[in-house]
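Have a look at the structure below before the remarks.
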Amino acid sequence: MDTQYKKTYGLTFKYLKYDLPASTVVFLVALPLCLGVALASGAPLLSGIISGIIGGIVVGVISGSHASVSGPAAGLAAVVFSAIAKLGSYETFLLAVVLAGIIQFICGIAKAGFIANYIPSNVIKGLLAAIGIILILKQIPHIVGYDRDPEDDFSFFQKDGENTISELLNIFNYFSWGAVIVSTISIAIFIYWDKSFLRKLKFLPASLFIVILGVIINIIFENFFPDLYIEKQHLVNIPEITHISSLVTQPSFADIGNYEVWLVALTIAIIASLETLLNLEAVQNIDPHKRHASPNRELIAQGVGNIIVGFLGGIPITSVIVRGSVNINAGAKTKLSTILHGGLLLVSILFLSSTLNLIPLASLATILLMTGYKLAKASLFIKMYKKGANQFIPFMVTIIAIVFTDLLVGILIGLATSIFYLLKSNFKNPFTIEREKLNLGETVRIEFPNQVSFFNKASIKETLWALPRNTKVVIDATHSDYIDNDVLSVIDDFKNTVSIEKNIQLNIIGLQDTYNINDVIQFTNFLDKETQQKLKPAEILEILKQGNDRFMQGKFREKYLRQQVNATSSEQHPMAVIVCCIDSRTSPELIFDVGLGDIISIRIAGNIVNDEIIGSIELACQEIGTKLIVVLGHSNCGAVSSAINLVNQGHISFITNKIEKAIAQCNCDRDKIIADKAMFDKVIQNNVTNSLDEILKESEYLNKAIISQQLSIVSAFYDTTSGLVSFEEKV
């Protein structure tokens, strides 16, 4: 990507060869749109042109967007029409426009543009697709020569009493073969443009070529095929300007004390700002360079623009998605295109009206039709469908609502639908709930996310209030940077009332440093004698497996070690005895995610056994009450490696000689064992099995207890690479 495209602000003539042709295309499309909006608004016809000029030049210079184009918008037509009638004069209405601009300017200074960050992408994409569909539906009549309604009438119900559907049916009653021929040739050129030599002419985009060609074809019709000639009513119609002063109408400041003026100003400011922010976001969405423009700067630009528009007699302006889409599709690179299009509007009404009035509306309709096709491609619908119902349904609702109402109402309906799914999503899953099988039985753990908003209140309350009696609950907010006050109130009520009445043991952690709720520790997961006696060997094995799973995921449970120290200071009731290696990577308390007093670990190099170790196991089971024996080996064992390499100096031989049996059981060369990881692991597993067999052979007490199923013994293998412990139950 060219570094220039990364810039948000600034003006450059470096890409004039792209921006000038693009600005010409935008100007040709914007011209009839400006006139159409003015007509639909009940304002003087030239007021739309004034707004287009200011939107292009003034807003274009101040705005940070390289792609957005501003001007009079259809979304404000109904508001303008009713406001003029309500205020009684156009001059008073212009005062409201000036005040609306001031309000927008203040909003920009106050950084109110942050609202744009909260517009869901499914609504933005729905807006783009809806505009595309509307462009297609609204331009079909113009393509065949039916031009009764204003060019920019994008509402379903039109000012002329028709609607989008009836307008399409009427095309059979008003048909111009000349317009059909022009539009058919234009569409064919659009389709094959990129495959022809003409695409190499960067200064001549397809849109501009089509406009020029449309004029030439109609001149040919006039001179050689008069029956096909496109009549004046199907051509661009710019009113004749006799004097520059006839363009300007001054606002009436005498009515500044009229509260209705302020009410209209506020209404215009709100609607124009919302449309601008939505359209700005939409244009950035289709910008091939994905350049970001500050929404606050855009509000300032629009505010200044509307202040000047009000002083010069124009109607309110906003960022307009149709013009922006045409601008991008015409190949514009920088905001110079927007500024030049405003300059062309000014020049055209002063000097070029007679020339521009030769352009067939069918040519302009073709440009808008192809723009609509690019905005509403089938691939967009497929992509949104694959994202799921919570994205696809708001997307479709936005489209349908905009097509069958108008832009603003449709967007509001789309936003409401998106918010509904957002609330539904937050209600279902604002936090994670885990049910942990710990030493004291099942514990419900509720872990809050980084942000806990007001929208999460209902689901959190429902979850807490639905907990059964005598439950053990952990509310973990250690990862939360923000928790809404209403949610804190719910937690406080649960702690002080509900948990007490339902005999729920509650631990609250992570709140005391930031919020006015102190951490609460009402239970600690340590083993008492009663729990130890209730646990069965199979249950203990499952607890160890779950602990290893947490270890592998890095999701260690809160152990409250300080409280465990106090709880286990006078007694211990561990559930298992682990015979493992002294290797620094094999600490059983960590790899099984257990707390103080949960296990007895006997650590010796190579996890071998001797009389002293067997005696320790008997003591653990017979006197202390453990019910599970685990002999744990591990990959990359240094003791086994030493035995294979015949390391036996000093007392090391007591270790390596014990492991020799496991090496011999492989019946292969030592060098092969060292070179083959699978064979090396096999020696380790043989050694674990040998230690387990020796325990059963040498301890009559343990052997009988295991046969009677009072105890259980298992072999295990810890993979130092993955952290996984694999178990193989012996008895």
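The values are calculated or read from the model by the stated rules, or taken from the named source; none is laboratory data. This one's a predicted model, so the numbers in the text were calculated from it and none came from an experiment. Cβ: placed from backbone, ideal geometry, glycine included. Neighbour counts: every protein chain shown.
Does segment 624-638 contain at least one residue that is surrounded by fewer than 20 Cβ atoms within 10 Å (Cβ to Cβ) and under 30 Å from T531 (Cα atoms)? Yes, there is a match, as at least one residue in segment 624-638 is surrounded by fewer than 20 Cβ atoms within 10 Å (Cβ to Cβ) and under 30 Å from T531 (Cα atoms). The single condition among (1) closer than 24 Å to L346 by Cα; (2) buried (at least 17 other Cβ atoms within 10 Å of the Cβ); (3) modelled with pLDDT under 90 that I286 does not satisfy is (1). Close Cβ contacts (under 9 Å, 6 or more residues apart or on different chains) running from residues in segment 579-603 that are without any contact (Cβ under 8 Å) to a residue 40 or more places away in the chain and of a type in the set (G, A, S) to residues that are in a loop (DSSP other than H, G, I, E, B) and surrounded by fewer than 21 Cβ atoms within 10 Å (Cβ to Cβ) comprise S601/S587.
Conditions (1) more than 22 Å from N690 (Cα to Cα); (2) crowded, with 24+ Cβ neighbours inside 10 Å, marked per residue:
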| position | (1), (2) |
| --- | --- |
| P574 | yes, yes |
| V577 | no, yes |
| C580 | no, no |
| L590 | yes, no |
| R603 | no, no |
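Is it the case that G214 is modelled with pLDDT of 85 or more and at positive phi? So G214 does not fit the description; no. For segment 35-53, the set of residues classified as modelled with pLDDT of 80 or more and either assigned to a loop (DSSP other than H, G, I, E, B) or farther than 25 Å from G88 by Cβ (or both) consists of A43, P44, G52, I53, listed by residue number. Mind checking which residues of segment 120-159 are within 35 Å of the chain's Cα centre (by Cα) and at pLDDT below 75? Passing the criteria: D152, D153, F154, S155, F156, F157.
In a residue-by-residue description of segment 610-618, the property of being modelled with pLDDT of 90 or more and not in a helix (DSSP H, G or I) applies to at least one position.
Of the residues making up segment 107-116, not a single one is modelled with pLDDT of 80 or more and within 16 Å of T398 (Cα to Cα).
Out of I300, I271, I328, I need the residue that is in contact with a Phe, Trp or Tyr (Cβ under 7 Å, 6 or more places away or on another chain), part of a helix (DSSP H, G or I) and either hydroxyl-bearing (S, T, Y) or in contact (Cβ under 8 Å) with a residue 40 or more places away in the chain (or both). Which one?
Values: I271 fails: in contact with a Phe, Trp or Tyr (Cβ under 7 Å, 6 or more places away or on another chain); I328 fails: in contact with a Phe, Trp or Tyr (Cβ under 7 Å, 6 or more places away or on another chain).
None of the other options fit; the residue is I300.
I'd like to check something: does segment 64-82 contain any residue that is crowded, with 24+ Cβ neighbours inside 10 Å, in contact with a Pro (Cβ under 6 Å, 6 or more places away or on another chain) and in a helix (DSSP H, G or I)? Scanning segment 64-82, I find at least one residue that is crowded, with 24+ Cβ neighbours inside 10 Å, in contact with a Pro (Cβ under 6 Å, 6 or more places away or on another chain) and in a helix (DSSP H, G or I), so the answer is yes. Just one of the numbered conditions (1) at pLDDT 75 or above; (2) assigned to a helix (DSSP H, G or I); (3) of a type in the set (V, I, T) is not true of V565: (1).
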